[in-house]
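Any read-out appearing in this document is the output of simple, stated calculations on the displayed coordinates, not a laboratory observation. Keep in mind that what you see is a predicted model, and the values were worked out from it rather than measured. Cβ coordinates were reconstructed from backbone atoms using ideal geometry, including for glycine residues, and neighbour counts include every protein chain displayed.
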């Protein structure tokens, strides 16, 4: 288990926070939570409203790169960090861009039509019912177990990575539910979408992301970790800096626009961020985005939020009604309690510090 991060350094944004409707003590509130041991293993917290930073803090502590320890890191605005499963939310954005360009198939396309090399699997009419949309919503109805720790050799993603043919491994999983009826979290689902993107665009995920998404947003530094077979991990392999992930959040809040340029189709975002299926974890799920509600006193009650969530407490939180985007990087990997600190930062620090609705 990672050691606690040693404190947080704050960048001075108190005056700007107050101007944007926040309690100017928001930064001290964050530090107080760390000092009391209520907020642990935080590597970075970055929040903005209306495109302006209201809170920015970085810590020091041990970190990993997709399970590989990389030692003690002094985090700052230029530090690349694992997004883990926030990667899935980025892959959703890439699919929307590729779909508008007519490079990838429609959502009602059977998955096995896109993997003709598995002709024997395609002969099963029940398997042919599984579509691209079912993969995007984690409702394939196929056996998969990622409730186990990622250190467990029986974890579904681990087994997939060890398989001689990851795509066959995913597509031949036993069928346990009708498609579209139950959410079963699966790195395999995103792995299929990543491969469909690569086949459709004729480029690797990193290359297509650089041209279609990162380049337009001015994101020049990133890493995309690959699996044992050299394929970029669509489920969890992306590494970005906190400010660059925040840019993506701002673009999503602005309906796909960035400096007047439509980067992601607005229609795709509307489809992606609508609740499609209930999860076993509380929030609902869209196309690789979680959808929930939080109490926002300044808004007079509950407000919708959308989020990309990753192992270890990685979060990209978006609250459209308040026009707030927040990035949290943390290091409590493979620990179920990691969500507690991230949720406290979002609810008890960010949203609770908002004083003006405008």
Efficiency of FRET from Cβ geometry, residue 181 and residue 109, R₀ 25 Å, rounded to 0.05: 0.80
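Ranked highest first by the average count of other Cβ atoms within 10 Å around their residues, in what order do 352-358, 282-288 fall?
Details: 352-358: 16.0, 282-288: 19.6.
By packing density, highest mean first, the sequence is 282-288, 352-358.
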Length-normalised contact order of segment 1-150 in % [C-alpha pairs under 8 Å, at least 6 apart]: 16 percent
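With a cut-off of 8 Å between alpha carbons and a minimum separation of six or more residues, what is the relative contact order of the chain in percent? Mind dumping the intermediate values first?
Numbers: 725 pairs, mean separation 78.9, N = 358.
Computed value for the chain: 22 percent relative contact order.
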Cα centroid of segment 53-75 to Cα centroid of segment 183-262, whole Å: 21 Å
Inter-label distance, nm, simple model (7 Å from Cα along the C-beta direction), residue 148/residue 336: 1.6 nm
Separation in nanometres of the label points that stand 7 Å from Cα toward Cβ, at residue 172 and residue 277: 2.3 nm
Relative contact order %, segment 179-290, counting alpha carbon pairs below 8 Å whose residues are six or more apart: 21 percent
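Helix-only mean residue ellipticity at 222 nm, the chain, DSSP H runs n ≥ 4 weighted -39,500 (n - 2.57), per residue, nearest 500. What is it?
Values: 12 runs with 99 residues, N = 358.
Here the helix-only value at 222 nm equals -7500 deg cm²/dmol.
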Ratio of Rg to Rh over segment 208-337 (Cα coordinates, Kirkwood Rh, two decimals): 0.97
Extent along principal axes [Cα atoms of the chain; Å; largest to smallest]: 63, 42, 36
Between segment 263-284 and segment 318-358, the Cα center-to-center distance that results, in Å: 19 Å
Rh by Kirkwood over Cα pairs, then Stokes-Einstein D for segment 90-201 at 1.306 mPa s and 10 °C, µm²/s: 111 µm²/s
Packing-based order for 150-156, 26-32, 310-316, using average beta carbon neighbours within 10 Å, highest first: 310-316, 26-32, 150-156
